[in-house]
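The values are calculated or read from the model by the stated rules, or taken from the named source; none is laboratory data. If you're wondering where the values come from, they're calculated on a predicted model, not measured in any experiment. Quick reminder, even Gly has a Cβ in these numbers, built from the backbone with ideal geometry, and neighbours come from all protein chains shown.
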Amino acid sequence: MTHGTTFWRSTEAVHDVVYFAPDTKQRYEAIGLKGYWMGYMASRSAAVGTPAPELVVALFHGFAPRMVTRALPDAWSMASRDDVLSTRYALARDALARAVDGVDTGRLAKELAAITRGIDFAGKPLAAAHHSLPEPADDLGRLWHAATALREYRGDCHVAVLTSAGLDGAAANALAVAAGLAGDQQRSMRGWTEDEWAAAISRLATRGWVDADGAITETGRSARQQIEDTTDRVCAAGIDREATGRMITIEKPLLALARAVEASGAVTYPNPTGVRRP
């Protein structure tokens, strides 16, 4: 692992509670959206505004275009952007509340927010959009808000590294499955057809990253780890010295929160994000 790996994985765990809450689908349906995935697409992209599906495909990278267009732009005529964002933050607060007993959420929120102020968001559009949203007044809201900006910052960096490595959305997901970072349901959960998935595996096999059966090779495992290490280095390059110091200081209590989140059942591993347990 490179410097900061535990920090980023812990931040991911805090953010991810919003995807796995048992009432996620029902909460989005209550404001007029149809089903879990419309809620996902609208809520994660609403920080940008009410974006066209083509923009969301580009920002999210890993989803098949057809999966995005099943949700957008229709979602924007079914629920207001403000309602979508409010529901997302409410889901996050409720999920975190079940995991933070004994955790100094005020301190964590303050430190994570300070870290976001030391980041250069140029070239990180999704992170910049989430960072630009109004900061909530309560500790849990502020904690999740900052963790989300940080999670999407690393995500934007990761997408840049994936594309520079010549990995499209299908291939990146297929490699994650081969590496044991995501389950066998990943293909359907990202909207790729069996033919598209097979073609992605074929492209990986041509590079020597997987074998004929789709199992990862040592070359592929090394390449996948290099992608993670490069992502961490790209992240570090955009963070100033003071924020980096805060990351080091807050890493242990943030890890404790991430472990509490997992213990509460709010996040399980492996999961479709493809991020390892911190």
Q.
Suppose we keep only residues that are polar (S, T, N, Q) and outside any loop (DSSP other than H, G, I, E, B) within the range 173-205. Which one would you say is surrounded by the most Cβ atoms within 10 Å (Cβ to Cβ)?
A. Asn173
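So that you can scan it fast, the table gives a plain yes or no per residue for (1) free of Cβ contacts under 8 Å to residues at least 12 places away in the same chain; (2) farther than 20 Å from Arg277 by Cβ; (3) touching a strand residue (DSSP E or B) at 6+ places or on another chain (Cβ under 8 Å):
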site	(1), (2), (3)
Arg142	no, yes, no
Val161	no, yes, no
Asn173	no, no, no
Thr193	no, yes, no
Ala198	yes, yes, no
Trp209	no, yes, yes
Thr217	yes, yes, yes
Ala223	no, yes, no
Arg246	no, yes, no
Q: Assess whether Arg142 counts as being surrounded by fewer than 21 Cβ atoms within 10 Å (Cβ to Cβ), among the charged types (D, E, K, R) and in contact with a helix residue (DSSP H, G or I) (Cβ under 7 Å, 6 or more places away or on another chain).
A: yes
**Q.** Checking Gly208 against (1) in contact with a helix residue (DSSP H, G or I) (Cβ under 7 Å, 6 or more places away or on another chain); (2) of a type outside the set (S, T, N, Q); (3) at pLDDT below 95; (4) surrounded by fewer than 13 Cβ atoms within 10 Å (Cβ to Cβ), the condition it does not meet
**A.** (3)
Q. Tally time: how many residues in the range 140-180 are of a type in the set (S, T, N, Q), within 19 Å of Ala223 (Cβ to Cβ) and within 17 Å of the chain's Cα centre (by Cα)?
A. 2
Q) What tally of residues in the range 105-134 results from selecting those that are outside any loop (DSSP other than H, G, I, E, B) and not β-branched (Val, Ile, Thr)? A) 17
Q: Name, by its number, the condition in (1) under 21 Å from Tyr19 (Cβ atoms); (2) part of a loop (DSSP other than H, G, I, E, B); (3) among the aliphatic types (A, V, I, L, M); (4) free of Cβ contacts under 8 Å to residues at least 12 places away in the same chain that does not hold for Ala137.
A: (1)
Q | The listed residue being free of Cβ contacts under 8 Å to residues at least 24 places away in the same chain, farther than 21 Å from Tyr269 by Cα, surrounded by 18 or more Cβ atoms within 10 Å (Cβ to Cβ) and under 18 Å from the mean Cα position of the chain (by Cα), out of Val56, Val68 | A | Val56
**Q.** Residues that are assigned to a loop (DSSP other than H, G, I, E, B), surrounded by fewer than 17 Cβ atoms within 10 Å (Cβ to Cβ), at pLDDT 95 or above and not aliphatic (A, V, I, L, M), drawn from the range 212-242
**A.** Thr217, Asp240
Q) Looking only at residues in the range 123-134 that are without any contact (Cβ under 8 Å) to a residue 60 or more places away in the chain and aliphatic (A, V, I, L, M), which one is farthest from Ile250 (Cα to Cα)? A) Ala128
Q | Residues satisfying the stated conditions in the range 245-270, i.e. touching a Gly at 6+ places or on another chain (Cβ under 8 Å) and over 17 Å from Leu108 (Cβ atoms) | A | Pro270
(Q) Against the definition (touching a residue at least 24 places away in the same chain (Cβ under 8 Å), part of a helix (DSSP H, G or I), within 30 Å of Ala99 (Cα to Cα) and of a type in the set (A, V, I, L, M, F, W, C)), how does Leu254 come out, yes or no? (A) yes
Q. Which is more than 27 Å from Trp37 (Cα to Cα) and within 18 Å of the chain's Cα centre (by Cα), of Ala236, Ala258, Ala266?
A. Ala236
Q. From the list Arg107, Arg98, Arg93, which residue is basic (Lys, Arg), loosely packed, with under 14 Cβ neighbours inside 10 Å, touching a residue at least 40 places away in the same chain (Cβ under 8 Å) and farther than 29 Å from Ala160 by Cβ?
A. Arg107
Q) Of the residues that make up the range 120-142, is at least one modelled with pLDDT under 95, on the phi < 0 side of the Ramachandran plot and not charged (D, E, K, R)? A) no
